[in-house]
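The numbers here are math on the coordinates, done by the rules we state, and not lab data. Owing to the predicted nature of the structure, the values given are computational and were not obtained by experimental measurement. Cβ coordinates were reconstructed from backbone atoms using ideal geometry, including for glycine residues, and neighbour counts include every protein chain displayed.
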Amino acid sequence: MIERIAILGTGLLGTSTGLALRAAGFQGSIAGWNRSPEQAETALHMGAIDTVAADPLEMARSCQILVLATPVLAILDWMEQLAGVMEPDQVITDLGSTKAKISTAADRHFNRKGRAAFLPGHPMAGKERGGASLAEANLYRDAVWLFTENPAWKRTEGASQIIVEWRAWVERMGAKIIDLDAERHDELVAWVSHLPQFLSTALSAVLEDQVGEVPELKDVGGRGLREMTRLGASPFSMWRDIAHTNSDEIAKALLILEQRLAHLRENLHTPELRDEFEKANRFRRT
């Protein structure tokens, strides 16, 4: 039975995880650590964690399951540091937005004799801005939580039971679990998550160039403009890591979008434009 959880990274997702666990009825202890003491203290005051750890590695040694809630490159770095620290009956899971490199690192550092278990995970939830103060207990309600396990991984009976229990807690937090191959995960999220972000970033940057010095024109765009550019407020610090760890799939999606935009430009006065709207309408209806 899981009684001791640790969260490494008490930003938006890490703090929301603690709040969601409490809202779902978790009665055990939740420790937290963040490289920014202010973020950790905010999580503490919000009730997402019970204690702020002084040493993240010591915190890792004393928990049953450790949640890595940092950007992807930091997750990869922590995986290396934790490989020789945690015991075989302990479990590490993560909330990272890409999975292929993390799953490869899990295969290299964990999930074999004498090593802790690693369960790669990715909740499809978040906001365009981060930070503990924006965390919500209901952030994962009705969201999809993806896991990318490798059937070949070997784990102890104790670690396997913790993984079963963690998946149950994910469902109690309100999420729907889907299991995917890591490569397939990165291909899919490039289309449904990463492409919308880069599209919004590009659109926002273009508008900043074109009308940035006339701020009142933003009001002319109304709701449509606000919705299309909402993701443009997302921080580079998070998306840099996603771009670096899923660059091939993102580049492929962007190229196909570029070709589609060129197709629209070339058919502004032909029936092809109607066809594009009909396809878009079908996607929105399903």
> Any idea what the dipole of the range 184-285 comes to, in debye rounded to 20, about its Cα centre with Lys/Arg Cβ at +1 and Asp/Glu Cβ at -1?
Replying inline: 440
>> Cut-off is 10 Å between beta-carbons; in what order do SER133, SER193 appear when sorted fewest neighbours first?
In response: SER133, SER193
>> Suppose every Lys and Arg Cβ carries +1 and every Asp and Glu Cβ carries -1, with no other charges. What dipole size does the range 78-232 come out with about its Cα centre, to the nearest 20 debye?
In response: 400
>> Within 10 Å of each candidate Cβ there may be at most 15 other Cβ atoms; applying that plus a DSSP loop requirement, which GluC sites (Glu not before Pro) in the range 172-237 survive?
In response: GLU213, GLU216
> Calculated from the structure, percent of Cα pairs over 32 Å apart equals which of (i) 49; (ii) 31; (iii) 25?
Replying inline: (ii)
>> Students often forget the sequence filter, so: which aspartates and glutamates lie under 13 Å Cα-Cα from LYS154 once same-chain residues fewer than 8 apart are removed?
In response: ASP89, ASP107
> In debye to the nearest 20, how big a dipole does the chain give about its Cα centre with +1 on each Lys and Arg Cβ and -1 on each Asp and Glu Cβ?
Replying inline: 540
>> Can you list residues from other chains, or at least 5 along the same chain, whose modelled amide H is less than 5 Å from the amide H of PHE118?
In response: ILE92, ASN111
>> Report, in listed order, any pair from LYS127/LYS279; LYS99/LYS176; LYS127/LYS252; LYS176/LYS252 with a Cα-Cα distance greater than 22 Å.
In response: LYS127/LYS279; LYS127/LYS252; LYS176/LYS252
>> Using amide H atoms built in the peptide plane, which far-off residues or other-chain residues are under 5 Å from GLU149 H to H?
In response: LEU180
> Which trypsin sites (Lys or Arg not before Pro) from the range 1-102 combine a DSSP loop assignment with at most 14 other Cβ atoms within 10 Å?
Replying inline: ARG35
> Short version: ³J(HN,Hα) in whole Hz for each residue of the range 84-96, in order, from phi by Karplus 6.51 cos²θ - 1.76 cosθ + 1.60 (θ = phi - 60°), x for Gly and Pro, what are they?
Replying inline: x, 9, 8, 8, x, 8, 9, 10, 10, 10, 9, 10, x
> Taking Cα pairs under 8 Å and at least six residues apart, what relative contact order does the chain come out at, in percent?
Replying inline: 17
> So who's got an amide H within less than 5 Å of the one on GLY96, skipping anything under 5 residues away but keeping other chains? H placed 1.01 Å off N, in plane.
Replying inline: GLY121
> Using θ = phi - 60° and the Karplus form 6.51 cos²θ - 1.76 cosθ + 1.60, what ³J(HN,Hα) does each residue of the range 28-36 get, whole Hz, x for Gly and Pro?
Replying inline: x, 8, 10, 9, x, 8, 9, 5, 9
